[in-house]
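One structure is given here, and the rest of the page talks about it.
The values are calculated or read from the model by the stated rules, or taken from the named source; none is laboratory data. All values reported here derive from a predicted model rather than from experimental measurement. Because the Cβ atoms are built from the backbone with ideal geometry, glycine has one as well, and the counts that use them run over all protein chains shown.
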Amino acid sequence: MNTVQQLHQAGQSIWYDNIQRGLLHSGALAGMISRGEIRGVTSNPTIFMNAMTKTSDYDAELAPLIQAGRTGEEIFWQLAVEDIMAGADLLAPLYQQSNAGDGYISLEVSPELAHDTATTLSEARRLWQLVNRPNLMIKIPATQVSLPAIAAAIADGININVTLIFSRERYAEVMEAYLQGLEQRAAAGLPLERVASVASFFVSRVDTKVDGHLAALSAGGGERAAQAGALLGKAAIANAKLAYADYQAVFEAERFLRLKGLGARVQRPLWASTSTKNPAYPELMYVDELIGPDTVNTVPPQTLAALLDHGVVRPGTVQEGLPAAAQTLAALEALGIAMRTVTQELEDEGVASFASAYHEVIARMEAHRQAAA
């Protein structure tokens, strides 16, 4: 039994945060699924940008699309949707075997829509119908403006991966949107059994941002410097552990239990951004410390390789050390590091980063089109 299978026994599913045409054509992705190394796939604009601009995987497909008169944006979406369809088909047997528990693949709406409720919803509906796979998840960012679109999409029966969650306050709003969507769907007499959602709570980026503030304080010397040094690398896991406790409180309460009686599924926390950005930190720290029931961890290639090679599974770590986690966040606040400010900055930066990647890949497709004109 490999490490991923051990994690699944502990209640956690490992999804693969990567997709590109070479993985599909070579059989590499199919092999990872068949060997039980991954139980789902996630994508984002940056992943597609890297796949389409830094490999030759898509070169053969570009010429006919250009000849057909497609714009750069149309070419991007054609290629992305084809990859997602192929990945969904590879994962379909797992989706069936797990009774729709796993076997999902995610496709994100345009990051340009992060502050447009109506268009986000219409785009989610369009992509859901276009891909036409029951194991698709549409990714919608957890911006304030997107929350009503998330609720409406759930009410429609669209599987949603809510992405770019950094704060516990926003996470509470995401869970509320999910419950509202389920309640609207139930009120309309529609089935809840096959509506799935995950809440992608970002981890390592929190440490990167907070550690920058702590390093500045450490450089100042004195007692505050010692206090800051002791908190390096602790904010992200503390934040995620407390978020998991928030999840338990919501989905063990009577409001959800009524929906569960109608067939509703929990909205699983998905730990995202779980590669270690600081080489001084253990490479699996954002996996080892966040193992728990009904969770997903989406990992990039290097983290998956490390997990399969030497990962050690200790069930229930996400539920450990909650008082210490609360003390960590309180100590940060006492040093003047406001988590509300940090997490809002991270949300803004995340949206901007994905938008930049989206613009870059479209510009590259447009350049190909113009070169062939």
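Observations
- Among the numbered conditions (1) within 27 Å of Gln180 (Cβ to Cβ); (2) of a type in the set (Lys, Arg); (3) buried (at least 20 other Cβ atoms within 10 Å of the Cβ), the only one that Lys234 does not meet is (1).
- Of the residues making up the stretch 83-110, those that are acidic (Asp, Glu) and touching a residue at least 60 places away in the same chain (Cβ under 8 Å) are Asp83, Asp102, Glu108.
To keep it simple, each residue is scored yes or no on (1) acidic (Asp, Glu); (2) assigned to a helix (DSSP H, G or I); (3) within 23 Å of Asn161 (Cβ to Cβ).
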site	(1), (2), (3)
Tyr286	no, yes, yes
Gly292	no, no, yes
Asp309	yes, yes, no
Thr341	no, yes, no
Ala367	no, yes, no
Gln370	no, yes, no
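- Each residue in the stretch 106-121 was checked for being among the small types (Gly, Ala, Ser) and over 27 Å from Leu90 (Cα atoms), and 2 pass.
- Candidates are the residues of the stretch 245-276 that are over 17 Å from the mean Cα position of the chain (by Cα) and not in a helix (DSSP H, G or I); the one that is nearest to Gly321 (Cα to Cα) is Glu252.
- Filter result for Ala272 (within 25 Å of Val351 (Cβ to Cβ) and crowded, with 16+ Cβ neighbours inside 10 Å): yes
- Among (1) farther than 23 Å from Arg205 by Cβ; (2) in a helix (DSSP H, G or I), the one test that Leu242 misses: (1)
- Beta carbons closer than 7 Å, at least 6 apart along the sequence or on distinct chains, pair a first residue in the stretch 34-57 that is within 19 Å of Pro141 (Cβ to Cβ) with a second that is in a loop (DSSP other than H, G, I, E, B) and among the β-branched types (Val, Ile, Thr) for Val41/Ile19; Ser43/Ile19; Ile47/Ile19.
- Scanning the stretch 37-60 for residues that are modelled with pLDDT of 95 or more and acidic (Asp, Glu) yields a single hit, Glu37.
- Identity of the residue in the stretch 134-156, surrounded by 19 or more Cβ atoms within 10 Å (Cβ to Cβ) and in contact (Cβ under 8 Å) with a residue 40 or more places away in the chain, that ends up farthest from Tyr95 (Cα to Cα): Thr143
- Checklist (1) of a type outside the set (A, V, I, L, M); (2) touching a residue at least 40 places away in the same chain (Cβ under 8 Å); (3) buried (at least 16 other Cβ atoms within 10 Å of the Cβ) applied to Gly263, failing item: (3)
- Of the numbered criteria (1) in contact with a helix residue (DSSP H, G or I) (Cβ under 9 Å, 6 or more places away or on another chain); (2) at pLDDT 95 or above; (3) assigned to a helix (DSSP H, G or I), the one Gln129 fails is (1).
- Counting only residues that are more than 21 Å from Gly40 (Cβ to Cβ) and hydroxyl-bearing (Ser, Thr, Tyr), the stretch 69-124 holds 6 of them.
- Of the residues making up the stretch 12-69, those that are within 28 Å of Glu349 (Cβ to Cβ) and in contact with a His (Cβ under 8 Å, 6 or more places away or on another chain) number 1.
- Hey, Leu214 under 26 Å from Val318 (Cβ atoms), part of a helix (DSSP H, G or I) and more than 21 Å from the chain's Cα centre (by Cα) or not: yes
- Selection from the stretch 4-20 of residues that are assigned to a helix (DSSP H, G or I) and surrounded by fewer than 21 Cβ atoms within 10 Å (Cβ to Cβ): Gln5, Gln6, His8, Gln9
- Being hydrophobic (A, V, I, L, M, F, W, C) and part of a loop (DSSP other than H, G, I, E, B) holds for only one residue in Ile66, Ile38, Ile33, Ile75, and it is Ile38.
- Put simply, of Gly336, Gly350 the only residue that is in a helix (DSSP H, G or I) and either over 23 Å from Leu164 (Cβ atoms) or touching a residue at least 40 places away in the same chain (Cβ under 8 Å) (or both) is Gly350.
- Just one of the numbered conditions (1) under 30 Å from Pro293 (Cβ atoms); (2) in contact (Cβ under 8 Å) with a residue 12 or more places away in the chain is not true of Gly22: (1).
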